[in-house]
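Read through the structure below, which is laid out as structure tokens, and then see the notes.
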Amino acid sequence: MKKHYEENPWLIVEEGFHPEMQQSSESIFSLGNGRMGQRANFEEDYTGETLQGNYVAGVYYPDKTRVGWWKNGYPEYFAKVLNAANWVGLCPIVKGEPLDLHTAQVSDFRRELNMQEGTLHRSFKAKLKNGVELKVDAKRFLSMVDDEVAVIRYSVTPLNFSGKIDFRVYIDGDIINQDSNYDEKFWAEVNKSTSNSESHVTLATKKLDFQVCTAQKIFVTKDGGNVEFTSNQVERAKYVENLLSIDAKEGEEIVVYKFACNISSENHPKTKLTDRAKEALAQAAEKGYEKMLQEQKDAWAKRWEMNDIVIEGDISAQQAIRFNIFQLNQTYTGEDPRLNIGPKGFTGEKYGGSTYWDTEAYCLPFYMLTSGSEVAKQLLLYRYRQLGKAIENAEKLGFSKGAALYPMVTMNGEECHNEWEITFEEIHRNGAIAFAIYNYIRHTGDRNYLKEGGLEVLVGIARFWAQRVNWSNAKNQYVMLGVTGPNEYENNVNNNWYTNYIAKWTMTYASESIKYAREDGSFWSDFVSKTSFNDTEIEKWSDICEKMYEPKKEGTKLYLQQDGFLDKEDRVADDLDKAERPINQHWSWDRILRSVFIKQADVLQGMYFFEDDFDEATIRENFLYYEPRTVHESSLSPCVHVVLASKLGMEEKAYEMYLRTARLDLDDYNHEADEGLHITSMAGTWMAVVEGFGGKRVKDGILSLDPMIPKNWKAYRFNLVYRKTVLSITVKPEEVSVKNVSGGSLDILVYGKSVSVPESETISIGR
């Protein structure tokens, strides 16, 4: 596949101006800091194709759902993450003509994302229609230290003239969402103000009245010296502007510094937003650009110290894994328990910015093993706090007695997805939330979390499964009808194996967790009182688990994705014409549903989660059957296949899938990078290295490593936090080294052998 961006271990570089790639590059070069995010929109005017995007964490719009048929239980609204005020606006104007890269002649264009520092740098030369030539150098970052503040350094040098350069420095809140119906606008003005060097506009969302004050403060230098200026202040609806006029000489650099902030009512009283914005900008200005830049570098260095993955000998793989880790760190920091991880993070509008099962299935391991148990616990508590809403959601669908169905998509605990087959049928999401509790406890040893909310969640989910199954007289077994499994290219099927299996597993795990909780008599008494739990429920769960139907091909180890799967025309993905890929952009939905082709791991998702329940021969048979029929058009698919292929010793397939997951957005495998990046699947990329190539597992409470190394890698290194011990693992073709960085001595398994790693020491094991 042709690569658009240069390969570099720490940089994403775009050489040359490519308007046809602009929206994709806006996604790729996005910046964020956990509190807000900004697509790589140009500071100056751009009349070409673009997707403007500034997103503020926790701010959304509940767009009312309208359905023309069966409405009972249907979500009342579809949530949209809102495009907020455009704060990057900073446009030079010469002789009455604004700089517009769509109409100007652009040369020497270079855009550089520095992942080590968390900065975006852009430079180019432009010739306007009036003949004026300029050199521009722009650098911006969203502060990881002062997370409500962003900074732009915008430099302009006249190349063929001397005279005045005007700068239109503005904030534009009169914006729309790309996915808005009928170009509806979601923001109303609250207040605004301008002064000579500062301005702000405060906007409020319709319906929920989220308020965000976006403000700017401006400084100008010429050849390094401060320039006094007088600005014309422009105000109109939801818009503020400072218009500066600066004398310039040919070859003389003029720099405009723009400090900006987004102050949200999620974090401050609405009456104090303007005051807080002024304070934030004053503090930033006092620090100055250089100090804030150094703080940014230091903050990123600290993050990379723990969660970097180093790959020697393969620049493409190295760049890709760092890009994925970088975006994850920009999206979620674990500092605010109200926040979660949207599939697109701060890089686009698709999927509404809501929380999916991706968080539990893919993201939690990354944060748990690189940031520690407390950050991971925040993700679990996020769901515990929404248990009441999950019970309400189940009640809307006819379930009772504390049964909980967590939403497929949520902002606040309510279901807010507007696709029937997702909302009502893709119920396996419940299982992923239960599995996350188990996964957290086995890695951290923190069984006490069961008493902090985990058990309530498990019981609520188990109650749902117990009511969702049907007894089949024909089969003399329990069945699960009308579901959609992880493979969304199958809707409304009976007995999706993965769903049946994870339901059975959840009820078993809930029963085991109850046995542990009973040991604390005081807790158990309160729990029974709170949940009205009765032991007959365990008896019911046990009966269901014992008699749960699992579709399987007779005489083989092959589990069937669902009833009737073998009735489909049997083809493999390699049979498809490349011109038809991806099929979701070329085929009708009806054709996809009737085909054998699989969007993402389904049966294999279950074998990834519950690997210890199956012998290697079973996993191999299922992998060899399902992977060739998988088109991997879900970003969540390749990483699971890396882990399983690595376990099976299928090095080439594992590496192929690694590149697909790691470079999914950089190389735009699915032709959709323009819509935003696949943030939650990026955690799967980390998983592909650590659990796939690194062979990380937990066996009976002991960390186990069984590493392999792709043949074109010289070495790779990753860090893990395991039960408060920090390990650094280096894998080479001839040996594996484990360094105990901190946290006390730890016994682990390497290639099945028990070894002790004393604190501050390194042990090496030959392969």
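The values are calculated or read from the model by the stated rules, or taken from the named source; none is laboratory data. Computed from a predicted model, the values in this text were never measured in an experiment. When we count neighbours, we look across all protein chains shown, and the Cβ atoms used for this are built from the backbone with ideal geometry, even at glycine.
Looking across LYS287, LYS344, LYS297, one residue alone is within 30 Å of SER265 (Cβ to Cβ), of a type in the set (Lys, Arg) and either modelled with pLDDT of 95 or more or out of contact with any helix residue (DSSP H, G or I) (no Cβ under 6 Å at 6 or more places or on another chain) (or both). It is LYS287.
Quick grid of which residues meet (1) touching a residue at least 40 places away in the same chain (Cβ under 8 Å); (2) surrounded by 14 or more Cβ atoms within 10 Å (Cβ to Cβ); (3) more than 28 Å from PHE186 (Cβ to Cβ); (4) touching a helix residue (DSSP H, G or I) at 6+ places or on another chain (Cβ under 7 Å):
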residue	(1), (2), (3), (4)
THR202	yes, yes, no, yes
LYS206	yes, yes, no, no
CYS213	yes, yes, no, yes
LYS217	yes, yes, no, yes
ASP223	no, no, yes, no
GLU228	no, no, yes, no
LYS238	yes, yes, no, no
LEU244	yes, yes, yes, no
ASP247	yes, no, yes, no
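If you go through the range 24-32 one residue at a time, do you hit one that is of a type in the set (Asp, Glu) and closer than 20 Å to ILE152 by Cα? Yes; the residues of the range 24-32 include at least one that is of a type in the set (Asp, Glu) and closer than 20 Å to ILE152 by Cα. I'd like to check something: does the range 683-692 contain any residue that is at pLDDT 95 or above, touching a Leu at 6+ places or on another chain (Cβ under 6 Å) and either acidic (Asp, Glu) or surrounded by fewer than 23 Cβ atoms within 10 Å (Cβ to Cβ) (or both)? For the range 683-692, residues at pLDDT 95 or above, touching a Leu at 6+ places or on another chain (Cβ under 6 Å) and either acidic (Asp, Glu) or surrounded by fewer than 23 Cβ atoms within 10 Å (Cβ to Cβ) (or both): absent. For GLU395, the criteria (1) out of contact with any Leu (no Cβ under 6 Å at 6 or more places or on another chain); (2) assigned to a helix (DSSP H, G or I); (3) in contact (Cβ under 8 Å) with a residue 12 or more places away in the chain; (4) not aromatic (Phe, Trp, Tyr) hold in every case but one, which is (3).
If you go through the range 643-671 and keep only what is free of Cβ contacts under 8 Å to residues at least 60 places away in the same chain, of a type in the set (D, E, K, R) and surrounded by fewer than 22 Cβ atoms within 10 Å (Cβ to Cβ), you end up with GLU652, LYS653, GLU656. Here THR730 meets the list (1) surrounded by fewer than 19 Cβ atoms within 10 Å (Cβ to Cβ); (2) out of contact with any Phe, Trp or Tyr (no Cβ under 8 Å at 6 or more places or on another chain); (3) under 15 Å from ASN307 (Cα atoms) almost entirely, failing just condition (2). Among the residues making up the range 719-752, those that are among the charged types (D, E, K, R) and either assigned to a strand (DSSP E or B) or within 30 Å of the chain's Cα centre (by Cα) (or both) are ARG723, LYS724, GLU735, LYS739, ASP747.
Among residues belonging to the range 325-337 that are outside any loop (DSSP other than H, G, I, E, B) and not aliphatic (A, V, I, L, M), point out the one that is nearest to LEU636 (Cα to Cα).
Just the residues of the range 325-337 that are outside any loop (DSSP other than H, G, I, E, B), to begin with: 325-331.
Among the residues that remain, those that are also not aliphatic (A, V, I, L, M) are: 326-327, 329-331.
Details: PHE326: 18, GLN327: 16, ASN329: 18, GLN330: 19, THR331: 17 Å.
The selected residue is GLN327.
One residue stands out in the range 122-170 among those that are in a strand (DSSP E or B) and among the β-branched types (Val, Ile, Thr): the one that is nearest to the chain's Cα centre (by Cα), namely VAL149. Only one of (1) farther than 26 Å from ALA654 by Cβ; (2) in contact (Cβ under 8 Å) with a residue 12 or more places away in the chain fails for ASP570. Which number is that? Evaluating ASP570 over (1) farther than 26 Å from ALA654 by Cβ; (2) in contact (Cβ under 8 Å) with a residue 12 or more places away in the chain leaves (1) as the failure.
Of VAL88, VAL81, VAL56, VAL94, all but one fail to be among the aliphatic types (A, V, I, L, M) and in contact with a helix residue (DSSP H, G or I) (Cβ under 9 Å, 6 or more places away or on another chain); the exception is VAL81.
For every residue, the table says whether it meets (1) on the phi > 0 side of the Ramachandran plot; (2) hydrophobic (A, V, I, L, M, F, W, C); (3) surrounded by fewer than 24 Cβ atoms within 10 Å (Cβ to Cβ).
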{"residue": "GLY313", "(1), (2), (3)": "yes, no, yes"}
{"residue": "GLN318", "(1), (2), (3)": "no, no, yes"}
{"residue": "ASN324", "(1), (2), (3)": "no, no, no"}
{"residue": "TYR332", "(1), (2), (3)": "no, no, no"}
{"residue": "ARG338", "(1), (2), (3)": "no, no, yes"}
{"residue": "PRO343", "(1), (2), (3)": "no, no, no"}
{"residue": "PHE346", "(1), (2), (3)": "no, yes, no"}
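The set of residues in the range 658-708 being within 18 Å of the chain's Cα centre (by Cα), among the polar types (S, T, N, Q) and not in a helix (DSSP H, G or I) consists of ASN670 alone. When restricted to residues that are in a helix (DSSP H, G or I) and either surrounded by fewer than 17 Cβ atoms within 10 Å (Cβ to Cβ) or touching a Ser or Thr at 6+ places or on another chain (Cβ under 6 Å) (or both), the range 603-620 contains 6. Filter the range 75-121 for residues that are closer than 28 Å to THR202 by Cβ, modelled with pLDDT of 95 or more and among the β-branched types (Val, Ile, Thr); which is farthest from the chain's Cα centre (by Cα)? In this case the residue turns out to be ILE93. Regarding GLN600, is this residue in a helix (DSSP H, G or I), among the polar types (S, T, N, Q), at pLDDT 95 or above and closer than 19 Å to ASN494 by Cα? Judged against the criteria, GLN600 is not a match. For the residues ASN340, ASN412, ASN418, the requirement of being over 30 Å from VAL493 (Cα atoms) and either charged (D, E, K, R) or assigned to a loop (DSSP other than H, G, I, E, B) (or both) singles out ASN340.
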